[in-house]
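The values are calculated or read from the model by the stated rules, or taken from the named source; none is laboratory data. Treat the numbers as computed from the prediction; the structure is a model and nothing was measured. Please note: Cβ atoms are built from the backbone with ideal geometry, for glycine as well, and neighbour counts cover all protein chains shown. The area values use the complete protein model at the heavy-atom level, side chains included, leaving out ligands, DNA and RNA. Shrake-Rupley method; radii C 1.70, N 1.55, O 1.52, S 1.80 Å.
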Amino acid sequence: MTRAIMIQGAGSNVGKSMLVAGLARACVRRGLSVAPFKPQNMSNNAAVTADGGEIGRAQALQALACGLDPMIDMNPVLLKPETETGAQVIVQGKRFATMKARDYGNQKAKLLPPVLDSFKRLSNAHDLVLVEGAGSPAEVNLRSGDIANMGFASAAGVPVVLIGDIDRGGVIAQLVGTYAVLAAEDRALIRAFAINKFRGDPTLFADGMKIIEEQTHWAGLGILPWFSDAWKLPAEDVMDVASRRGGHIKIAVPRLNRIANFDDLDPLAATPGISVEIIDAGRPLPGDAEMIIIPGSKSTIADLAHFRAQGWDIDLLAHVRRGGRVLGICGGYQMLGTEIIDDEGIEGPPSQVPGLGLLNVRTIMKPQKRLARSEARYLPTGDLVSGYEIHLGDTTGPDCDRAWLSLDGRGEGAASPDGRVMGCYLHGLFTADRFRTAFFAQSGMTVSAYDYAAGVESTLDALANHIEEHLDVEQLIALAG
């Protein structure tokens, strides 16, 4: 009989995704067939699945930890924010609607059947399903119609382990406060708790564990110290995108408001010889960067306006005049062109806006989303690149005649006549080790060879070891219903 346990957090960004990935690897090493599941996720960092849909990047990492290919059932509802108050709603891998937050709140209960349907399929195929909650169950104002936390746990009959984040302070209040505000029937679903992100000597919090146990009557599974290598794993939350000093080659990346699919940066940050610097709003693009990467965006036109509002367009032109290199990926590629045409109002009111003008191409937005796993060849060297496409719009123009990738028998990407400004739609290209080395070599920069996939695998193993050492994994598995 399949078992399942749900990891919920006493707040957002407490480390649930990382914990599920590590637990998954630990359970797989016990000989169990394990699958990850997140009923509802909110992220613009999506992964394209083997069955042709999109899910949150964290579930793709968790699938890797399980030795599985990512599938749409692992994250049946994905919310992709487009504005401060609205998001695109993806249901079982496909676009369902674009909704304001209030409208989604009124409609989300209707999504419980497909959520349970996906969970049932995973349960039928595996020994153990590790379920990840979203946000916090303490947000009891959102309990009606909930599908992300206690609403799902109750409907599916899945017991819960609650995680507190001691790094941000007040962890006793986080956990005991959650106990206090939950309804009795939801409180009864929580079987145990654990503390995450502890720095220093964990024995100093022994009394704190006792206080939480006495106040909540939940079992304490342990105190998990800070895992310093977490940055080596692909990040899903935009809040986890951070600068990483690693070497003499500086790559500057402006943090767009609706930055999307920023996993392109993970292999670069991990590569010896490369430093990735994230530039927040209000800061100029640095004058000493060898390359500026404009990343993907969920709202290209709005993020282009944000880019200009920071003065980054002026900084970018100065960078190019100094001989610096520019790479635009997906939405960043579209921004580099001469014009973005959205006559159908795909991203907002119908509009035609000038691009940054560094590539002689223009983009026409179209409602049909291109969503595919793709394998390309880097034309200068012939190296293979595996990645994915996830975008709206077609980009054409004279600079596309200098395509630098071959994809499905067609040229992909564009380059300026001097080759210093480049763009493409293919995400994930830097995970290919030979291509990554060759790409920088073609740009006159030498980086060390690095096996990125092996680095991720070894970090997942180290995370599983870390969890095994400090948490009672056997008790957690035994609690699974």
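Given the residues H217, H126, which is the only one that is on the phi > 0 side of the Ramachandran plot and open to solvent by 10 Å² or more (accessible area, probe 1.4 Å)?
On the way: H126 fails: on the phi > 0 side of the Ramachandran plot.
Going through H217, H126 in turn, the sole match is H217.
Considering only residues that are over 25 Å from W231 (Cβ atoms) and under 23 Å from the mean Cα position of the chain (by Cα), look in region 259-318 and name the one that is modelled with the lowest pLDDT.
Across region 259-318, the extreme among qualifying residues is S299.
Hey, which of the strands (runs of 3 or more DSSP E) in region 21-60, taking only ones fully inside, have at least 2 residues that are touching a residue at least 12 places away in the same chain (Cβ under 8 Å), of a type outside the set (D, E) and farther than 20 Å from K120 by Cα? It would help to see each step written out before you state the result.
Working: elements: 34-37, 40-42, 46-48, 54-56.
Passing ranges, in order: 46-48.
Among the candidates A252, A269, A260, single out the residue that is in contact with a Ser or Thr (Cβ under 9 Å, 6 or more places away or on another chain), among the small types (G, A, S) and open to solvent by less than 10 Å² (accessible area, probe 1.4 Å). It would help to see each step written out before you state the result.
Working: A252 fails: in contact with a Ser or Thr (Cβ under 9 Å, 6 or more places away or on another chain); A269 fails: open to solvent by less than 10 Å² (accessible area, probe 1.4 Å).
After ruling out the rest, the residue left standing is A260.
If you go through region 1-20, how many residues are part of a loop (DSSP other than H, G, I, E, B) and either touching a residue at least 40 places away in the same chain (Cβ under 8 Å) or under 19 Å from L221 (Cα atoms) (or both)?
In the first step, residues of region 1-20 are kept if they are part of a loop (DSSP other than H, G, I, E, B); the result is 1-2, 10-15.
Filter again for either touching a residue at least 40 places away in the same chain (Cβ under 8 Å) or under 19 Å from L221 (Cα atoms) (or both), leaving 2, 10-15.
Of the residues in region 1-20, 7 are part of a loop (DSSP other than H, G, I, E, B) and either touching a residue at least 40 places away in the same chain (Cβ under 8 Å) or under 19 Å from L221 (Cα atoms) (or both).
What are the pairs with Cβ atoms under 7 angstrom where one residue, in region 83-102, is more than 14 Å from K298 (Cβ to Cβ) and the other, located anywhere, is of a type outside the set (A, V, I, L, M, F, W, C) and surrounded by 19 or more Cβ atoms within 10 Å (Cβ to Cβ)? Sequence gap at least six, or different chains.
V91/P76; Q92/G53; Q92/P76; Q92/S118; G93/T49; G93/G53; G93/E54; K94/G53
Looking at region 414-432, can you tell me whether even one residue there is within 26 Å of the chain's Cα centre (by Cα), part of a loop (DSSP other than H, G, I, E, B) and of a type outside the set (G, A, S)? Before the answer, list the steps.
Taking region 414-432 and keeping what is within 26 Å of the chain's Cα centre (by Cα), we get 422-432.
Narrowing further to those that are part of a loop (DSSP other than H, G, I, E, B): 425-426, 428, 432.
Imposing the further condition that a residue be of a type outside the set (G, A, S) reduces the set to 425-426.
Yes, the conditions are met somewhere in region 414-432.
With the requirement that a residue be part of a helix (DSSP H, G or I) and either of a type in the set (A, V, I, L, M) or modelled with pLDDT under 95 (or both), what does region 176-220 give you? Please lay out each step first, then the result.
Residues of region 176-220 part of a helix (DSSP H, G or I): 176-181, 184-187, 202-216.
Correct list: V176, A180, V181, A184, P202, T203, L204, A206, M209, I211, I212.
For region 1-26, name all the residues that are among the polar types (S, T, N, Q) and within 12 Å of V129 (Cβ to Cβ). Steps first, answer last, please.
Within region 1-26, the subset among the polar types (S, T, N, Q) is 2, 8, 12-13, 17.
T2, the sole residue that qualifies.
Here are the criteria: (1) surrounded by fewer than 22 Cβ atoms within 10 Å (Cβ to Cβ); (2) more than 17 Å from V20 (Cα to Cα); (3) modelled with pLDDT of 95 or more; (4) in contact with a Ser or Thr (Cβ under 9 Å, 6 or more places away or on another chain). Tell me which single one D117 does not satisfy.
(4)
Assuming M74 fulfils every condition listed in (1) more than 30 Å from I172 (Cα to Cα); (2) open to solvent by 10 Å² or more (accessible area, probe 1.4 Å) apart from one, which condition is it?
In the conditions (1) more than 30 Å from I172 (Cα to Cα); (2) open to solvent by 10 Å² or more (accessible area, probe 1.4 Å), M74 misses (2) alone.
From the list S118, S136, exactly one residue is among the polar types (S, T, N, Q), outside any helix (DSSP H, G or I) and out of contact with any Lys or Arg (no Cβ under 7 Å at 6 or more places or on another chain). Which is it? Break it down into steps so the answer makes sense when it comes.
Values: S118 fails: outside any helix (DSSP H, G or I).
S136 is the lone residue from the list that is among the polar types (S, T, N, Q), outside any helix (DSSP H, G or I) and out of contact with any Lys or Arg (no Cβ under 7 Å at 6 or more places or on another chain).
Name the pairs: first residue in region 172-193 and within 15 Å of G220 (Cβ to Cβ), second residue open to solvent by 60 Å² or more (accessible area, probe 1.4 Å) and among the basic types (K, R), Cβ to Cβ under 7 Å, at least 6 apart or on different chains?
Here the result reads Y179/R187, each pair linking region 172-193 to a residue that is open to solvent by 60 Å² or more (accessible area, probe 1.4 Å) and among the basic types (K, R).
Can you find a residue that is in a loop (DSSP other than H, G, I, E, B) and farther than 30 Å from N41 by Cβ anywhere in region 255-262?
Taking region 255-262 as the starting set, the residues that turn out to be in a loop (DSSP other than H, G, I, E, B) are 255-258, 261.
If we keep only those that are farther than 30 Å from N41 by Cβ too, we end up with none.
No.
Considering only residues that are open to solvent by 70 Å² or more (accessible area, probe 1.4 Å) and hydrophobic (A, V, I, L, M, F, W, C), look in region 221-233 and name the one that is modelled with the highest pLDDT.
W226
Of all residues in region 355-373 being in a strand (DSSP E or B) and farther than 19 Å from L327 by Cβ, which is most open to solvent (accessible area, probe 1.4 Å)?
Initial filter on region 355-373 (in a strand (DSSP E or B)): 362-364, 370-373.
Right, trim to farther than 19 Å from L327 by Cβ and you get 364, 370-373.
On the way: I364: 62, R370: 86, L371: 39, A372: 19, R373: 111 Å².
Per the criteria, the residue is R373.
Output the residue which, of all residues in region 20-33 that are surrounded by 24 or more Cβ atoms within 10 Å (Cβ to Cβ) and of a type in the set (A, V, I, L, M, F, W, C), is farthest from T178 (Cα to Cα).
Residue satisfying both the conditions and the ranking: A26.
Out of K100, K94, K110, which single residue is open to solvent by 70 Å² or more (accessible area, probe 1.4 Å), touching a helix residue (DSSP H, G or I) at 6+ places or on another chain (Cβ under 9 Å) and not aliphatic (A, V, I, L, M)? Outline the logic, then answer.
Numbers: K100 fails: touching a helix residue (DSSP H, G or I) at 6+ places or on another chain (Cβ under 9 Å); K110 fails: touching a helix residue (DSSP H, G or I) at 6+ places or on another chain (Cβ under 9 Å).
The unique qualifying residue is K94.
So in region 139-153, with the set limited to residues that are part of a loop (DSSP other than H, G, I, E, B) and over 10 Å from Q8 (Cα atoms), which one is most open to solvent (accessible area, probe 1.4 Å)? Show your work before the answer.
Kept after step one, since they are part of a loop (DSSP other than H, G, I, E, B), are these residues of region 139-153: 139, 143-149.
Those left that are additionally over 10 Å from Q8 (Cα atoms): 139, 143-147.
Values: E139: 82, R143: 78, S144: 100, G145: 27, D146: 24, I147: 1 Å².
Only one residue fits best here, namely S144.
Which residue, of S154, S144, is touching a Leu at 6+ places or on another chain (Cβ under 7 Å) and on the phi < 0 side of the Ramachandran plot? Don't jump to the end; show me each part of the working.
Numbers: S144 fails: touching a Leu at 6+ places or on another chain (Cβ under 7 Å).
Answer to the check: S154.
Tell me which residues, restricted to region 61-70, are touching a residue at least 24 places away in the same chain (Cβ under 8 Å) and open to solvent by 10 Å² or more (accessible area, probe 1.4 Å). Outline the logic, then answer.
Just the residues of region 61-70 that are touching a residue at least 24 places away in the same chain (Cβ under 8 Å), to begin with: 61-68.
If the condition is that a residue be touching a residue at least 24 places away in the same chain (Cβ under 8 Å) and open to solvent by 10 Å² or more (accessible area, probe 1.4 Å), then L61, L64, C66, G67, L68 are the ones that fit.
How many residues, within region 376-412, are surrounded by 18 or more Cβ atoms within 10 Å (Cβ to Cβ), in contact with a Ser or Thr (Cβ under 8 Å, 6 or more places away or on another chain) and not aromatic (F, W, Y)?
8
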